[in-house]
1. Just the residues that are more than 12 Å from the ligand (Cβ to nearest atom) and surrounded by 16 or more Cβ atoms within 10 Å (Cβ to Cβ), please, taken from the range 132-143.
2. Identify all residues within the range 57-75 that are surrounded by 19 or more Cβ atoms within 10 Å (Cβ to Cβ) and either closer than 15 Å to Leu112 by Cβ or touching an Asp or Glu at 6+ places or on another chain (Cβ under 7 Å) (or both); write none if there are none.
3. Please work out if Ala95 is under 28 Å from Asp12 (Cα atoms), within 16 Å of the ligand (Cβ to nearest atom), buried (at least 19 other Cβ atoms within 10 Å of the Cβ) and at pLDDT 95 or above.
4. What number goes with the only condition from (1) modelled with pLDDT of 95 or more; (2) crowded, with 18+ Cβ neighbours inside 10 Å; (3) of a type in the set (Ser, Thr, Tyr) that Ser37 does not pass?
5. Please indicate, with yes or no, whether at least one residue in the range 144-156 is modelled with pLDDT under 95 and of a type in the set (Asp, Glu).
6. Tell me which residues, restricted to the range 106-131, are within 14 Å of the ligand (Cβ to nearest atom), surrounded by 14 or more Cβ atoms within 10 Å (Cβ to Cβ) and in contact (Cβ under 8 Å) with a residue 40 or more places away in the chain.
7. Could you check the range 50-66 and list, in sequence order, the residues that are more than 15 Å from Ile26 (Cβ to Cβ), in a loop (DSSP other than H, G, I, E, B) and not aromatic (Phe, Trp, Tyr)?
8. If the requirement is being under 14 Å from the mean Cα position of the chain (by Cα) and hydrophobic (A, V, I, L, M, F, W, C), which of these qualifies: Ile61, Ile81?
Amino acid sequence: MRSHIVGKVELDRARLQYDLEALASIPRVEEECDEVSSGYWKNLSLWNSSGEADDTMYRDIQGAAKPTAHAAKAPYLHELIQTVFDPKIVKMARARNLVDAMVIPHRDFIELNKDNDQYFRTFMVLEDNESAFHSDDDTVIHMRPGEIWYLDAAAPHSAVNFSSNSRQSLCVDFASKVLSQKIGSSPTNRSTGLP
Ligand SMILES: [Fe+2]
């Protein structure tokens, strides 16, 4: 299934700016799965399986992910995760940044030994950056702030930011075959209620 837009939110620029500055001031930690990137790639766990801020690993868990200390520093993003999405089924939420860097083509979730189509990843850029792109099979995508994209992370995909300007984003993961089939196959343009 190709990546596509599943919703759009009007971002509150002032509240977002507060969060972006707070997240930018947090030092980058070494990533567990860092072999696919070059340059500056930063991943901050806002919600994860352990609730530990330095834990950047995605894990299949029962129930919902737990907010970390990073989520407390980004109250607007924490609120978006709770209101735009269904917080009861969020498995992980990360603030990600890619600066003057590239993530080479790769596939995610393959190490989990499960049906890939049960994973449902959403991605929203938080800063406009004309030099930042994603690619998915034979398509190159330029995402705009507030657009919520379904990303087919189980298929080959890559990302790049050719500039030295920041490109922070919010990545929220779900695990549900029903959800994947229901929402992933029928693009919508809703502003709330995802998924
Ligand atoms: Fe990926």
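The values are calculated or read from the model by the stated rules, or taken from the named source; none is laboratory data. This one's a predicted model, so the numbers in the text were calculated from it and none came from an experiment. A quick note on method: Cβ atoms are made from the backbone with ideal geometry, for glycine too, and the neighbour counts reach across all protein chains shown.
1. So in the range 132-143, the residues more than 12 Å from the ligand (Cβ to nearest atom) come out as 132-133, 137-143.
Residues satisfying the conditions are Ala132, Phe133, Ile141, Met143.
2. The answer is Tyr58, Thr68, Ala74.
3. Spelling it out, Ala95 is indeed under 28 Å from Asp12 (Cα atoms), within 16 Å of the ligand (Cβ to nearest atom), buried (at least 19 other Cβ atoms within 10 Å of the Cβ) and at pLDDT 95 or above.
4. Looking at each condition in turn, Ser37 falls short on (1).
5. Looking through the range 144-156, at least one residue is modelled with pLDDT under 95 and of a type in the set (Asp, Glu).
6. From the range 106-131, those within 14 Å of the ligand (Cβ to nearest atom) are 106-112, 116, 119-123; that's our starting set.
Keeping just the survivors that are surrounded by 14 or more Cβ atoms within 10 Å (Cβ to Cβ) gives 106-109, 112, 116, 119-123.
The answer is His106, Arg107, Asp108, Phe109, Leu112, Tyr119, Phe120, Arg121, Thr122, Phe123.
7. If the condition is that a residue be more than 15 Å from Ile26 (Cβ to Cβ), in a loop (DSSP other than H, G, I, E, B) and not aromatic (Phe, Trp, Tyr), then Ser50, Gly51, Met57, Arg59, Asp60, Ile61, Gln62, Gly63, Ala64, Ala65 are the ones that fit.
8. Result: Ile81 is the single residue among Ile61, Ile81 that is under 14 Å from the mean Cα position of the chain (by Cα) and hydrophobic (A, V, I, L, M, F, W, C).
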